[in-house]
1. Convert each backbone phi in segment 64-72 into a coupling constant with the Karplus relation 6.51 cos²θ - 1.76 cosθ + 1.60 (shift: θ = phi - 60°), then list the ³J(HN,Hα) values in order as whole Hz, x for Gly and Pro.
2. Once amide H atoms are placed 1.01 Å from N in the peptide plane, what residues at a sequence separation of 5 or more from I136, or on another chain, have their amide H within under 5 Å of its amide H?
3. What accessible area, in Å² to the nearest ten, does a 1.4 Å probe give for E49?
4. Pairs of alpha-carbon atoms within less than 8 angstrom and 6+ residues apart define the contacts here; what relative contact order does segment 68-184 have, in percent?
5. Given H placed 1.01 Å from N in the peptide plane, which residues other than close sequence neighbours of H66 have an amide H under 5 Å from its amide H?
6. Amide H of M42 versus every other amide H placed in the peptide plane: which residues, excluding those fewer than 5 positions away on the same chain, fall under 5 Å?
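The values are calculated or read from the model by the stated rules, or taken from the named source; none is laboratory data. Computed from a predicted structure; not experimentally measured. Heads up: the accessible areas ignore ligands, DNA and RNA and are worked out on the full protein's heavy atoms, side chains in. Shrake-Rupley method; radii C 1.70, N 1.55, O 1.52, S 1.80 Å.
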Amino acid sequence: MQVLITRRHAVARFGILALVLAACSAPLAPAPTGESIAIAFMTSVGPVEFWEDRIAAFEETHPGIHVEPYYRPPPDDWPRQADAVLGFDIVQQDLIDRGWILDLTPLIASDERFDADDFHPGVLEVFQQEGHTWAIPVGITLWAIMVYSPAVFHEVGAPLPNPRWTWGDVAEAARLLSGKTADGRERYSVLDDYTLSNIAIEWIAERSGGLYREEGRDII
């Protein structure tokens, strides 16, 4: 998960950064009061009580800032509707090119309490490009991983998985891994007919340069 800060209201930039940091670091000192600032914060992540508690704590610490939450999936034009959005996608380059997302680098540099070591190794770097930080990670989504026993591959004469494998290699390994073990036990690969059909399509695409080609006005 990440928080993206947009340029919709320049006056609200520092406030929403403080909201993000308040969720993952020590309490922040009260911001200078004066002109009242409203921040539109959009997220489809729940439960609602989680954000209500944090927003209330933030507003208590920063009485000059009001956070207006919107609990719904961010629309395509979210940079024009919210000052900050909580999402799951990597920062989109086209939004950076259009100037719709705020570069957080100078804000981070000016905040003595910001410590990159507060984040898990490599997580903050996911949202950085060419030395600039474009979003603040507020959580980690665990990715699926594959675990296998090399002994099983060796037993059936299948090569171990490697980055150069094609979909054809995956299908062949699955075929070899299906059958009886040396002691007569049944063993099955994870591929069903539906998965195999998708692998076949990918296999064709790898060798043909794509599933479709254009000839004049026709798509073959």
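1. Listing the rounded values in order: x, 10, 10, 9, 9, x, 10, 9, 6 Hz.
2. It is V3, by chain and number.
3. We get 110 Å² for E49.
4. Relative CO of segment 68-184 lands at 17 percent.
5. It is I37, A38, I39, by chain and number.
6. Long-range HN contacts for M42: Y70, A84, V85, L86.
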